[in-house]
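The values are calculated or read from the model by the stated rules, or taken from the named source; none is laboratory data. As the structure is a computational prediction, the values presented were derived from the model and not from experiment. Cβ: placed from backbone, ideal geometry, glycine included. Neighbour counts: every protein chain shown.
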Amino acid sequence: MKFISLFFAILLSISLYSQETLLRGQGVSLTSIGSLSIEKAAEGDIKGSAYFNENFLSADIINFPTSYPMRYNAYLDEMEYEVDGLLYNLDKLQHSIVEFQGVKKKYVSTTYYDGKNYVNGFLVELYSGDNYSLYKREKIEFVAATEAKTTMDMGTDAFYKPLKDMYFIKLKDQSVVDIPKSRKRFVNLLGEDSAKVEDYIKKNKIDLTNEDSLKLLLAYMDRM
């Protein structure tokens, strides 16, 4: 088993080296599409992970001529890749779309309003139409360790905590905002389409917190 794992690791290294050599021949370098990650690894025993998937998977990158292994850091909101054993963060402004064909998952970097602040970061594209688009935010937060204050207390280890998925809609004016749980607040975002959409939500019992319901709703809204 160890031999097989080593064999595939060698094959991957050869493949990535050949790919980098080919790109350099085209006047393109992997180091030019991002910057070295300066984030230091957290110290100590930490439970959980900063990633929903820690593996580097082949991805198509906008404004880049070939696919390359990437992974999404949901704690730092960075698309990461490796070159010569060093970790890089993809330039999310120049390379704002990353699509993992194998798992059929597309990340889009955009400016969105999360209900409190404007954020520039990656969202997962769930539906893309002519008038409306639907996105999901994947986020993990770091919870620091706590020390016992008295002999009767117990300290806690540091851990990574996945947050509940948050959904966003791109409106006709191209703004991207969080989807309210309230039906009234949601339809108020839609201007002249609000009455038709509210009626559709009532008749079809649309759940504004459910991914499948939201896809169904956005598809209807887009063909109105």
Expected output for segment 177-203 (first residue free of Cβ contacts under 8 Å to residues at least 12 places away in the same chain, partner assigned to a loop (DSSP other than H, G, I, E, B), Cβ below 7 Å, 6+ apart or cross-chain) is Ser194/Asn188
Those residues of segment 56-90 which are part of a loop (DSSP other than H, G, I, E, B) and closer than 19 Å to Ser29 by Cβ amount to Phe56, Ile62, Asn63, Phe64, Pro65, Thr66, Ser67, Asp84, Gly85
Checked segment 104-160 for anything closer than 21 Å to Ile61 by Cβ, free of Cβ contacts under 8 Å to residues at least 12 places away in the same chain and small (Gly, Ala, Ser); matches are Ser128
**OP:** Might you check whether a residue that is touching a helix residue (DSSP H, G or I) at 6+ places or on another chain (Cβ under 7 Å), more than 17 Å from Leu208 (Cβ to Cβ), assigned by TED's automatic domain parsing to the domain that holds Asn55 and surrounded by 12 or more Cβ atoms within 10 Å (Cβ to Cβ) occurs anywhere in segment 119-129?
**Re:** yes
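Residue-wise test of (1) under 23 Å from the mean Cα position of the chain (by Cα); (2) not basic (Lys, Arg).
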site	(1), (2)
Lys172	yes, no
Ile179	yes, yes
Phe186	no, yes
Glu192	no, yes
Val197	no, yes
Thr209	yes, yes
Ser213	yes, yes
Met221	no, yes
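Counting residues that are at pLDDT below 95, which strands (runs of 3 or more DSSP E) fully inside segment 91-188 reach at least 1? Before the answer, list the steps.
Working: elements: 97-100, 105-113, 118-128, 133-137, 140-143, 158-162, 166-170, 176-178.
Of the strands (runs of 3 or more DSSP E) lying wholly inside segment 91-188, those with at least 1 residues that are at pLDDT below 95 span 140-143, 158-162.
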task: Using the structure shown, decide if Gly27 is among the small types (Gly, Ala, Ser), surrounded by fewer than 16 Cβ atoms within 10 Å (Cβ to Cβ) and at pLDDT 90 or above.
output: no
Checked Glu39, Glu20, Glu43 against criteria (assigned to a loop (DSSP other than H, G, I, E, B), modelled with pLDDT of 50 or more and surrounded by 10 or more Cβ atoms within 10 Å (Cβ to Cβ)); the one match is Glu39
With criteria (1) under 30 Å from Tyr107 (Cβ atoms); (2) over 23 Å from the mean Cα position of the chain (by Cα), Lys149 comes up short on (1)
